[in-house]
Amino acid sequence: MLAIELISEYIVPLKTSDSALTALSLMEEFKVKHLPIVNETLFLGMISEEDIFAYNQFEEAVGAHPLRNTQLSVNENQHIYDVLTAFYKDKLSLLPVVDEKNKYIGSIHTWVLVNRLAEITGVINPGGIIVLEMNIHDYSLSQIAQIVESNNSRLINLYSRTYPDSTKMEVTLKLNTLDIEAVLQTFNRYNYQIRASYSQEKLNASLKDNYDSLMNYLNI
């Protein structure tokens, strides 16, 4: 999934002639703390709510404000992982998308990003969840997939994380079935350490409720 596929159509960029008050009003409307500034179609940078209050010239055009965030954007063809990295690294509420000539194309809102991540991870689809812990050098995707598939199940999603200053890693599996008892038993036979498992339908409903709550929060 590319950055251009994540653009929120309703986000309107600021013109250089727009006042800081206008910027604050739009930020409140879009539920963001940043907005891009464009000159015609050229992306100039982003201005934040914090920048506006620090400069303290609310009637002045944003084009006259100092811009610290002139490089905060992604190319239209960058992957969603690059988008995630930018959001995480720079603590953004919105991320501009530009082309090779730095022409502004649109912006990605956190709401759309979370929505797409929910689709990618399969979090809103019914299915059991298994969390494994293992040494990094013992990790084998092919063996994990074989164990799951040998029990007539399929992997919807798999993601992993490592621990700082540790040889351990955590692997989370999302399966296509709620009945994961046979899969758990096979992992036990292969001496995998199972940190947690979630197979009850009510737990999947809880995950969906948590996702819906997050969506409602982002829409506040």
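Number of residues in segment 88-109 that are more than 25 Å from L42 (Cβ to Cβ) and either among the polar types (S, T, N, Q) or outside the structural domain of T41 (by TED's automatic domain parsing) (or both): the value is 0. For segment 30-55, name all the residues that are part of a strand (DSSP E or B) and either among the aliphatic types (A, V, I, L, M) or farther than 27 Å from Q78 by Cα (or both). Matches in segment 30-55: L35, I37, V38, L42, L44, M46, I47. Inside segment 1-29, residues that are in contact with a strand residue (DSSP E or B) (Cβ under 8 Å, 6 or more places away or on another chain) and part of a loop (DSSP other than H, G, I, E, B) make up a count of 8. Taking (1) out of contact with any helix residue (DSSP H, G or I) (no Cβ under 9 Å at 6 or more places or on another chain); (2) surrounded by 14 or more Cβ atoms within 10 Å (Cβ to Cβ); (3) polar (S, T, N, Q) in turn, Q78 satisfies each apart from (1). One residue alone among I120, I144 is loosely packed, with under 14 Cβ neighbours inside 10 Å, β-branched (V, I, T) and closer than 30 Å to Y192 by Cβ, and that residue is I120. Figure legend. Inter-residue proximity from segment 92-110: first residues closer than 9 Å to V74 by Cα and touching a residue at least 24 places away in the same chain (Cβ under 8 Å), second residues part of a strand (DSSP E or B) and of a type in the set (F, W, Y), beta-carbon distance below 7 Å, spacing 6+ or different chains. Indicated pairs: P96/F43; P96/Y104; V98/F43; V98/Y104. Taken across segment 151-159, residues that are modelled with pLDDT under 90, exposed (fewer than 15 other Cβ atoms within 10 Å of the Cβ) and assigned to a helix (DSSP H, G or I) do not occur at all.
Restrict the check to segment 176-183 and report whether at least one residue is free of Cβ contacts under 8 Å to residues at least 24 places away in the same chain, under 30 Å from H34 (Cα atoms) and not in a loop (DSSP other than H, G, I, E, B). The answer is no, given that none of the residues of segment 176-183 is free of Cβ contacts under 8 Å to residues at least 24 places away in the same chain, under 30 Å from H34 (Cα atoms) and not in a loop (DSSP other than H, G, I, E, B).
The values are calculated or read from the model by the stated rules, or taken from the named source; none is laboratory data. Remember, it's a predicted structure, so these values are computed and weren't measured experimentally. Heads up, the Cβs are rebuilt from the backbone with ideal geometry, glycines too, and the neighbour counts pull from every protein chain shown.
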